[in-house]
Protein chains: 4
Amino acid sequence: MPLKTGKEYIESLHQRKPMKIFFLGKKIDAPLGHPIIKASINSVALTYDLAQDPNYKKVMTAQSALSGETVNRFCHLHQSAEDLMAKVNMLRLLGQKTGTCFQRCVGMDALNAVFITTFEIDSQYFTNYHQRFLNYMQLVEANDWTIDGCMTDPKGDRSKRPSEQTDPDLFVHIVERRNDGVIIRGAKAHQTGAINSHEHLIMPTLTMQQEDKDYTICCAVPADDPNIVYLYGRQSCDLRRLDESPLGDIDCGNPTFGGQECLVIFDNVFVPDERIFMNGETDFCGRLVDTFSGYHRQSYGGCKVGVGDVLIGAAASIAEYNGTEKTSHIRDKLTEMIHLNETLYSCGIACSACGQKTPAGNFLIDLLLANICKQNVTRFPFEIA
Amino acid sequence: MPLKTGKEYIESLHQRKPMKIFFLGKKIDAPLGHPIIKASINSVALTYDLAQDPNYKKVMTAQSALSGETVNRFCHLHQSAEDLMAKVNMLRLLGQKTGTCFQRCVGMDALNAVFITTFEIDSQYFTNYHQRFLNYMQLVEANDWTIDGCMTDPKGDRSKRPSEQTDPDLFVHIVERRNDGVIIRGAKAHQTGAINSHEHLIMPTLTMQQEDKDYTICCAVPADDPNIVYLYGRQSCDLRRLDESPLGDIDCGNPTFGGQECLVIFDNVFVPDERIFMNGETDFCGRLVDTFSGYHRQSYGGCKVGVGDVLIGAAASIAEYNGTEKTSHIRDKLTEMIHLNETLYSCGIACSACGQKTPAGNFLIDLLLANICKQNVTRFPFEIA
Amino acid sequence: MPLKTGKEYIESLHQRKPMKIFFLGKKIDAPLGHPIIKASINSVALTYDLAQDPNYKKVMTAQSALSGETVNRFCHLHQSAEDLMAKVNMLRLLGQKTGTCFQRCVGMDALNAVFITTFEIDSQYFTNYHQRFLNYMQLVEANDWTIDGCMTDPKGDRSKRPSEQTDPDLFVHIVERRNDGVIIRGAKAHQTGAINSHEHLIMPTLTMQQEDKDYTICCAVPADDPNIVYLYGRQSCDLRRLDESPLGDIDCGNPTFGGQECLVIFDNVFVPDERIFMNGETDFCGRLVDTFSGYHRQSYGGCKVGVGDVLIGAAASIAEYNGTEKTSHIRDKLTEMIHLNETLYSCGIACSACGQKTPAGNFLIDLLLANICKQNVTRFPFEIA
Amino acid sequence: MPLKTGKEYIESLHQRKPMKIFFLGKKIDAPLGHPIIKASINSVALTYDLAQDPNYKKVMTAQSALSGETVNRFCHLHQSAEDLMAKVNMLRLLGQKTGTCFQRCVGMDALNAVFITTFEIDSQYFTNYHQRFLNYMQLVEANDWTIDGCMTDPKGDRSKRPSEQTDPDLFVHIVERRNDGVIIRGAKAHQTGAINSHEHLIMPTLTMQQEDKDYTICCAVPADDPNIVYLYGRQSCDLRRLDESPLGDIDCGNPTFGGQECLVIFDNVFVPDERIFMNGETDFCGRLVDTFSGYHRQSYGGCKVGVGDVLIGAAASIAEYNGTEKTSHIRDKLTEMIHLNETLYSCGIACSACGQKTPAGNFLIDLLLANICKQNVTRFPFEIA
Ligand SMILES: Cc1cc2nc3c(=O)[nH]c(=O)nc-3n(C[C@H](O)[C@H](O)[C@H](O)COP(=O)(O)OP(=O)(O)OC[C@H]3O[C@@H](n4cnc5c(N)ncnc54)[C@H](O)[C@@H]3O)c2cc1C
Ligand SMILES: Cc1cc2nc3c(=O)[nH]c(=O)nc-3n(C[C@H](O)[C@H](O)[C@H](O)COP(=O)(O)OP(=O)(O)OC[C@H]3O[C@@H](n4cnc5c(N)ncnc54)[C@H](O)[C@@H]3O)c2cc1C
Ligand SMILES: Cc1cc2nc3c(=O)[nH]c(=O)nc-3n(C[C@H](O)[C@H](O)[C@H](O)COP(=O)(O)OP(=O)(O)OC[C@H]3O[C@@H](n4cnc5c(N)ncnc54)[C@H](O)[C@@H]3O)c2cc1C
Ligand SMILES: Cc1cc2nc3c(=O)[nH]c(=O)nc-3n(C[C@H](O)[C@H](O)[C@H](O)COP(=O)(O)OP(=O)(O)OC[C@H]3O[C@@H](n4cnc5c(N)ncnc54)[C@H](O)[C@@H]3O)c2cc1C
């Protein structure tokens, strides 16, 4: 069975080649043991451990449509509206258990989106991206990989197209085309869980036009490619994790679990043909972005709700400590927090329940409702907090 | 097949015995032809006509679990989460087509709620309410009745219980118990579509305590019982419908369709045993209220969204007439209207998709999420408008 | 002393020449006695009566800077920040007393704005508008006139300028220039209190460009000019005022006081030179619009707050009737209503307290803060209601 | 002239006796040079330096009603509504210049409140607190002191009164009464600028009842009393200030200025009679709390608006860097930020402009409107951010 335990997952990270990781201006030597990074690894590891837990197995795993095996739902191509709802419930569960970002959904969303887009490109251009991607997808499932869904370029001046930027590397692009593959250069910003991943699934970040052909590349590269450089992103109170005094835990807030984002620099990385899923088909960029975003907007209707549950619980506990848990204005506020949180959840569920089967065979959420979900994610969590 | 046309529905209203209906302090003689009431009948009639329309048949009808026949979904006991979602879609459709309240959902919600509660009472008290109700329900389906879900009492001083009120008739109650039935007195306020209904399905409005036993009555009475008096409720611009000048239509806003609420006074109405579905089981009042409210809160996630669609379309048309349809702040506002409306719809869909089968056999929405839906109904439509 | 009583004011309306007033498609014969119009006259009359009341004299009157006499504050050129704050307090008082629009502030705001702009035009173009306006202003004070501040044109296609419209009369404009004056044609929409006024003070509604010179006209015309036609505007429940049955009052809501807006059509109205305060100086239109709007935005920080006070009181009374006045969620809602209402008041006061003396000699509110006030008026009253 | 420069202020801090200050669980040896504390001192120092700056003198200083001398407005008893508005403008200015909390307003607000309450207590009980306080106030002015307005006790179980708490020291109270003064024990939480102050002006935090007499104490103690212990409060990203690498400044956000709060423990501190301004007059606690809170609520209408100005400017700059400064949805958001910020300012100004002279002789803001201001402070800054 392909399912890894959390421990096996961490071991698999150790088996990667050495990676160039910088934090606070300095290269980090043993990144996996670094107190800040460690917390973010704990979160991802839980996505493995809960899949082993009989209580959560149903929501955490699914039957692969490719191999028939039980796979982690994070490696799954959704096969029904129920699958889409189960995804939301899985993310809410993990939000509750970690109280933070567990980093593995961006990849799941990218996999489902690339699955659809490769099918559609092939239908129009008679390319064979979809078969390549199916092969890749089988590896993903079999190895229970964590994938970094890798879309956002630094972009520079937003009023200009990729090929118009002063610095040509502000969007990931092909700098050399070879017989057996391509060389890419550029960077992707805010990459969730980048260092904790086995692979980056790179996608274009914008609709593109003809002149942006070299910027139209979708492909997979291993996280430990020697030509990748990682700049570990700061989070607001990150340094508190470095406080190792006995009470350091308290000020840290969430001592066990953490999130992670990186700026990932691709400094002339070679990608072999079989790992390329789109190459110059500019007219499909918009579709890929929309599909990926749609899935990802749905995700927020789960994960943020789980984190919201933690906040609501914490707020209720504080009220108890203060002896104010029965005060009507406090109860009103807790009720309002629940109201907003469940509205968000409703949006996550609704876009899932209205999901439809795609020609490629997996299920796609309702894109309009997924967008509504995302819009509310930009509002409610801030009111809850 | 039990399905009536709109025309047959209107004829069936005419076949009722004469009813005592007052409006603006005067008795109305030919209520069905009254210009204000007529508009509200048009709305109900559309719930019949659309069920005949091949385009809408799927959403407007369902297969009865009792008779196996195709029935109007308004007379249906929901058999699946899909049924619950179809209900929401039906209500949105009718909201779009009428732009107002079409009055028939309160009864549908009451039927499903009483179905559940009678089953539960019987399980505990070995009464036979559920079988009585099944008999009644078969009539409802076979006659394609419009039912007034009849819950809200005038209530008087809200800080006092029913039996504590100065005026004993502020809540509907049993004034006499006979061998073959009971006599009830009291009133129900804000009864949607009361005059356009064939039957009133009366339910208690509150959790009750032992001393409120006489107030604990759930039963059905025909709308044309001679001991019922109707006070037709005013709506904000109702008199405009009386303007019969050529341009009267314009100021009227919605010239074809309208809503309706009445104060319905039960002035010693006899109810035979076979029409009584609860009688003194005070401990089940709360459950009935919650179940009915839950279904009704879900309903708003459909009907109000349909009316919202009309408002959004109207707002967009006005912008076009003014030559401002491309202005960014106008488009932002239209987008925001859509956002709020679809959030509401998401709530309607989510509580449906998370619905579960009850021991009685029909499907009940998720009560927490239905409540969330209702809370948003008390907010968003006012921001949309 | 120039101060009229309410009764004298009404008499002065009767002394006007016959006016062409249409309502619901028909010409009204005795407009001042019409039950709908009467209510709106009562509101204006109160602005006269309260000025006589020793309790309110201080806030309702001021000492004229032109004549030294005590004048109604509605006819006053503000002489200090205190005057500006007193204006806000006067409007709040009248909002509380009438619960509706009392129609007289638009004129007050127009007078103060035209006072400033005529001074500024003269400074640049050596015209003598300011002296003409001072003469007019003395008449206003001496006769205690109610003035319709007359700015909003129907405008047609908002993406086109006045001179580009298909129909040349969509903005008021000069159709003929004579030796002793001009003839104007066009209409002004939504004119508050138009029929209850003695005069219209006409102003351009937009910044204008060179080609809109004929549309650049500011002038005063008597309300009873025979070439003016009034289309009385509908209000949501207006027909209820026609119900003369004993209980008609209850459904009417506000039986004594009402508001009024009209579409006022200027069908070739002659304006003599001494009543013209701007004529083709296109570069001053924007300034006049801004100044008038600024004063008017301040006004809302008073009148709407007064009406809000009535709503809050009504809501509190309903809670008492229902026996729910001590319920915490009801008190929270009342508190929130007060909070929003007083925030609005704060905005009205703040733009006044930060007011500055103009070169013309009167006081102008802080324009930025007055705009803030208006923005909140477009939000809070709807949340309060 | 009593006005100190920023440099003289810092010197005066150095002249204090050694203080016991703990941060992150350890005693700090040279607190004034500590990189985190230094930033907070810079903010206070600016309140001195700007008072010397001819551009800001008018808003930063005032003429003392006690000595006739020019004093820093932070040491001033407000003499007019203009003074109250000038206070708001001073705080907005400092918010703009520091982008953070400059810590000196709590003391100013405490001084004005104690001035009023001592006068009122004396009127009722023929005590001589007011004269004592006037003597103290002259020292404050003459030395240009920074005062910590010291009100908030830790409070423990909020459902119990001070004398009912399990731990008697959860509210500051008198543990010994001597001939020449009292000994107090307890703590005050969240004390803004505690370590950067010359004095603590201690006030009760609640309305008190008879049994809470020992908890009813208002008095002044020097910040360097040897029996005081300071626990320096954490702020979200505080450790970033410790990063001394070349680019540390960037991540720090606001490298120059900072805020400060401490938990201040009074471990048997002696207070001589002449420094006691209230002692057991429980019926005046509520009044003192309300008056102080009122002044402080007004303050937020200045300082938070200044910080808001910085945020708005920063947001506008980011948009420029991204090449999106002309995008309509970005401009809308900036406009909305300005709108909320100026609404807050309006509330600060309005409660000032409606301020009234007290019997004691200084000016008190309108308490209702100051409360409105505070309520908006709990909403708008979070929406702005
Ligand atoms: C916590 C976190 C985790 C993330 N994880 C991932 C991840 O795992 N993988 C990944 O690929 N990405 C990730 N992202 C990136 C995320 O998808 C982007 O931040 C998001 O898409 C916005 O892109 P941006 O930051 O470049 O902002 P922009 O897109 O530049 O937007 C900034 C502002 O400018 C406006 N704007 C931008 N372009 C234009 C234009 N042409 N015209 C007008 N207005 C414009 C926008 O509307 C917005 O208001 C993450 C982000 C965060 C915050
Ligand atoms: C358009 C419309 C159509 C309707 N159609 C129907 C229908 O078809 N059938 C039907 O049965 N009903 C119908 N209703 C009635 C509706 O269900 C009730 O209006 C609703 O349940 C509220 O009841 P109420 O009007 O008695 O208000 P109340 O329940 O009295 O509430 C008024 C306020 O008082 C508070 N309150 C009430 N009691 C207490 C208490 N004991 N303690 C503290 N606070 C309290 C409430 O929270 C609320 O803020 C309709 C209503 C409307 C507006
Ligand atoms: C109760 C009431 C009383 C009134 N009393 C008076 C009065 O006494 N005197 C008086 O003179 N007026 C009065 N008015 C009119 C009021 O000043 C106008 O309604 C207001 O200025 C808006 O003008 P409008 O109705 O023409 O709408 P528009 O200005 O046409 O605005 C409609 C929408 O179109 C947008 N829009 C308009 N033009 C453009 C453009 N060129 N580009 C992009 N977007 C555009 C607007 O932003 C808005 O969203 C009153 C109005 C009301 C409701
Ligand atoms: C940045 C900052 C700076 C500050 N600076 C100063 C300063 O310089 N000097 C100073 O004296 N203080 C200062 N304070 C403290 C501030 O005044 C208090 O935080 C505030 O008054 C709230 O008190 P609290 O924190 O004890 O919360 P609480 O008062 O305990 O409130 C917590 C919650 O419990 C509720 N609650 C509390 N008691 C009851 C009750 N009996 N019944 C029902 N509900 C109840 C409240 O409504 C609230 O929702 C500062 C605070 C902050 C955040």
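The values are calculated or read from the model by the stated rules, or taken from the named source; none is laboratory data. Computed from a prediction, not measured in an experiment: that's the story for all the values here. Don't worry about glycine lacking a Cβ; one is built from the backbone with ideal geometry, like all the others, and counts go over all protein chains shown.
Cβ-Cβ distances below 7 Å connect the following pairs, each with a first residue in the range A:57-69 that is assigned by TED's automatic domain parsing to the domain that holds residue A:44, a second residue that is among the polar types (S, T, N, Q) and part of a loop (DSSP other than H, G, I, E, B), and a separation of six or more residues or different chains: A:65/A:79.
Please specify each residue of the range B:110-153 satisfying the condition of being of a type in the set (Gly, Ala, Ser) and either more than 16 Å from ligand 2 (Cβ to nearest atom) or at pLDDT below 95 (or both). Of everything in the range B:110-153, those that are of a type in the set (Gly, Ala, Ser) and either more than 16 Å from ligand 2 (Cβ to nearest atom) or at pLDDT below 95 (or both) turn out to be B:123, B:142.
Screening the candidates A:240, A:297, A:234 for the property of being under 25 Å from residue A:60 (Cα atoms) and basic (Lys, Arg) yields one hit, A:297. Is it the case that some residue within the range D:335-343 is surrounded by fewer than 19 Cβ atoms within 10 Å (Cβ to Cβ), touching a helix residue (DSSP H, G or I) at 6+ places or on another chain (Cβ under 7 Å) and away from every other protein chain (no Cβ under 11 Å)? No: the range D:335-343 contains no residue that is surrounded by fewer than 19 Cβ atoms within 10 Å (Cβ to Cβ), touching a helix residue (DSSP H, G or I) at 6+ places or on another chain (Cβ under 7 Å) and away from every other protein chain (no Cβ under 11 Å).
Out of the range A:92-108, which residues are outside any helix (DSSP H, G or I) and over 8 Å from the mean Cα position of the chain (by Cα)? Passing the criteria: A:99, A:100, A:101, A:102. Whether a residue is in the same structural domain as residue C:74 (by TED's automatic domain parsing), closer than 30 Å to residue B:330 by Cβ and out of contact with any Ser or Thr (no Cβ under 7 Å at 6 or more places or on another chain) was assessed, and residue C:169 passes this test. Against the condition closer than 20 Å to residue D:346 by Cα, away from chain D (no Cβ under 13 Å) and within 21 Å of the chain's Cα centre (by Cα), how does residue C:374 come out, does it pass? In short, no. Do we have any residue at all in the range B:346-361 that's crowded, with 23+ Cβ neighbours inside 10 Å, among the hydroxyl-bearing types (Ser, Thr, Tyr) and touching a helix residue (DSSP H, G or I) at 6+ places or on another chain (Cβ under 9 Å)? Yes, that holds for at least one residue. Only one entry in C:83, C:144, C:122, C:109 is of a type in the set (D, E, K, R), closer than 19 Å to residue C:202 by Cα and either in contact with a Ser or Thr (Cβ under 8 Å, 6 or more places away or on another chain) or within 14 Å of another protein chain (Cβ to nearest Cβ) (or both), namely C:109. Among the residues of this structure, residue C:25 counts as one that is away from ligand 2 (no atom under 16 Å from the Cβ), within 14 Å of chain B (Cβ to nearest Cβ) and of a type in the set (Gly, Ala, Ser). Looking across the range A:337-355, the residues that are free of Cβ contacts under 8 Å to residues at least 40 places away in the same chain and not hydroxyl-bearing (Ser, Thr, Tyr) come down to A:338, A:339, A:342, A:350. Strands (runs of 3 or more DSSP E) fully within the range A:172-264 that include at least 2 residues being within 14 Å of chain D (Cβ to nearest Cβ), in contact (Cβ under 8 Å) with a residue 40 or more places away in the chain and more than 16 Å from ligand 3 (Cβ to nearest atom): A:228-232. Does residue C:328 satisfy the criteria of being closer than 16 Å to residue C:116 by Cβ and among the hydroxyl-bearing types (Ser, Thr, Tyr)? No; evaluated as a whole, the condition is false for this residue. From the list B:369, B:364, the one residue that fits, being at pLDDT 95 or above, more than 9 Å from every other protein chain (Cβ to nearest Cβ), out of contact with any Phe, Trp or Tyr (no Cβ under 7 Å at 6 or more places or on another chain) and surrounded by 20 or more Cβ atoms within 10 Å (Cβ to Cβ), is B:364.
A count restricted to the range B:268-292 and to residues that are in a helix (DSSP H, G or I) and among the small types (Gly, Ala, Ser) stands at 1. Note on the range D:312-329: residues that are polar (S, T, N, Q) and within 14 Å of chain B (Cβ to nearest Cβ) total 3.
Would you be able to tell me the number of residues in the range D:344-361 that are among the small types (Gly, Ala, Ser) and at the interface with another protein chain (Cβ under 7 Å from one of its Cβ atoms)? Count: 3.
The set of residues in the range C:208-253 being farther than 21 Å from residue C:288 by Cβ, surrounded by 18 or more Cβ atoms within 10 Å (Cβ to Cβ) and of a type in the set (Ser, Thr, Tyr) consists of C:230, C:232.
Evaluation of residue D:277 against the conditions (1) over 23 Å from the mean Cα position of the chain (by Cα); (2) at pLDDT 95 or above shows that the sole unmet condition is (1).
The residues in the range C:82-117 that are more than 25 Å from residue C:195 (Cβ to Cβ), in contact with a Cys (Cβ under 8 Å, 6 or more places away or on another chain) and assigned by TED's automatic domain parsing to the domain that holds residue C:138 can be counted, and the count is 1.
For the residues D:112, D:55, D:89, the requirement of being assigned to a helix (DSSP H, G or I) and more than 27 Å from residue D:284 (Cβ to Cβ) singles out D:89. Of everything in the range D:152-170 that is in contact with a Lys or Arg (Cβ under 7 Å, 6 or more places away or on another chain) and either within 14 Å of chain A (Cβ to nearest Cβ) or closer than 30 Å to residue D:60 by Cβ (or both), the residue that is surrounded by the most Cβ atoms within 10 Å (Cβ to Cβ) is D:153.
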